[in-house]
1. Does Thr35 satisfy the criteria of being out of contact with any strand residue (DSSP E or B) (no Cβ under 8 Å at 6 or more places or on another chain), more than 16 Å from the ligand (Cβ to nearest atom) and either assigned to a loop (DSSP other than H, G, I, E, B) or touching a residue at least 24 places away in the same chain (Cβ under 8 Å) (or both)?
2. Have a look at Gly329, Gly338 and point out the one that is within 23 Å of the chain's Cα centre (by Cα) and at positive phi.
3. Just for the stretch 138-162: of the residues that are in contact with a Phe, Trp or Tyr (Cβ under 9 Å, 6 or more places away or on another chain) and among the hydrophobic types (A, V, I, L, M, F, W, C), which one is farthest from the ligand (Cβ to nearest atom)?
4. Please determine whether any residue of the stretch 208-219 is of a type in the set (Ser, Thr, Tyr), touching a residue at least 40 places away in the same chain (Cβ under 8 Å) and assigned to a strand (DSSP E or B).
5. Please find, within the stretch 48-66, the residue that is farthest from Ala126 (Cα to Cα) out of those that are hydrophobic (A, V, I, L, M, F, W, C) and within 15 Å of the ligand (Cβ to nearest atom).
6. Looking at (1) more than 16 Å from the ligand (Cβ to nearest atom); (2) over 11 Å from Ile342 (Cα atoms), which is the one condition that is false for Lys245?
7. Residues being among the basic types (Lys, Arg) and touching a His at 6+ places or on another chain (Cβ under 8 Å): count how many of those fall in the stretch 154-184.
Amino acid sequence: IRQTPHCAGCGIALQSDNQQSPGYVPMASIDKDDTICQRCFRIKHYNEASSITVDQDEFLKLLGSIASTESLVVHIVDLLDFEGSLISGLQRFVGNNPVLLVVNKIDLLPRVTNWNRMRNWVQKQARENGLKVADVVLCSAKRNIGFDRVVEAVTTMRGKRDVYVVGATNVGKSTLINRLISDYSDLKRELTVSRYPGTTLDAVHIPLDDGHSIIDTPGIVYSSRLTELVSRKDLGAIMPDKPLKPMTYQLNAAQSLFFGALARFDFVEGDRQSFTAFVSSGLTIHRTKLERADELYAEHKGTLLTPPEVADLDKLPAWTRHRLRIPSGKSQDIFISGLGWIQANGTSGATVDVHAPRGVKVMLRDCIL
Ligand code: GDP
């Protein structure tokens, strides 16, 4: 009887069904000797990591093995989806290993952002989420902003240890690893992807010159992020690629904002005040009276209100309503994971409702800006 073939690079069981899943190889190569999976292949031949994903359970199994190693854990999060992409419970799994929090995509925030204040905000949010971080660096892996500080922090913090890179999907983990590979390894030498004896970590080891490795782990899928629920096409519309253009609305109570047909914000109760939306410009915001909102949605979802288009509407879970009370004396963000946030600028308090596909994380938080 033939055994399931395994990748000669990372040890994962090979499969030809799903290109985004671990262990993918084209059907024609699966039975050959010394086959390596597509992810190992890309690193070996192109010095380039690409995204693969797993669900939370598989990911936690992988994380569990980090505690018994001596390593530096680089946790990369998306600044625009901070609470959505933070791996809650990371602390329990990494043992005593230090965590470097790399906050990516800072190029998407307005240029005038006060980065010192932002760093403090990140530190506080991480702490409140139970994550003890040894250091925080802000960067843009794609636009190469602040990356020298990432390299510096990794170099000083790892000493002579392996570096595990962990993150949710779409946070820019591959982009970051590709930069690390080109900054760190000797490109004249062909990279070899090496399997650690006796382990099938489902993680790719990219060797460094000192005998240690950068270890690329699969991206974790959280269904609480809108970006995981929409189609590939709509992902392009809701994930910004250019700096956010904040949109401010002076609203009276009983007015609503639609974000395409993906979410709705109702200002239910409170004095007239302003709200600033920080979402991708690929998304149309439509303002209406609360009493007209249901009707408008019923008539215009998928047409006036897009994305998604009509054909994709029923692929999303039905909306649920989140009632949030913003206390007086303090302005807060209404955070919708994968979509962005709405800053409530008033300080006289407000009651708001957010309607969003079931399962999407919706919460109040301290203002990021
Ligand atoms: P992974 O799934 O975490 O490996 O993420 P990728 O590296 O594949 O990146 C996901 C998406 O985010 C891609 O469209 C990238 O171009 C984009 N991206 C990655 N880093 C940045 C960044 O620093 N700024 C911006 N604006 N986009 C980024």
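The values are calculated or read from the model by the stated rules, or taken from the named source; none is laboratory data. The structure displayed is predicted, hence computed values, not measured ones. Here the Cβ is made from the backbone with ideal geometry for all residues, glycine too, and neighbour counts use every protein chain on show.
1. yes
2. Gly338
3. The selected residue is Val154.
4. Among the residues of the stretch 208-219, at least one is of a type in the set (Ser, Thr, Tyr), touching a residue at least 40 places away in the same chain (Cβ under 8 Å) and assigned to a strand (DSSP E or B), which makes the answer yes.
5. So the residue we want is Ala49.
6. For Lys245, the exception is condition (1).
7. Counting residues in the stretch 154-184 that are among the basic types (Lys, Arg) and touching a His at 6+ places or on another chain (Cβ under 8 Å) gives 3.
Yes/no per residue for (1) out of contact with any Gly (no Cβ under 8 Å at 6 or more places or on another chain); (2) within 11 Å of the ligand (Cβ to nearest atom):
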site: Tyr46; (1), (2): yes, no
site: Ser68; (1), (2): no, no
site: Val73; (1), (2): yes, no
site: Asp78; (1), (2): no, yes
site: Phe82; (1), (2): yes, no
site: Val102; (1), (2): yes, yes
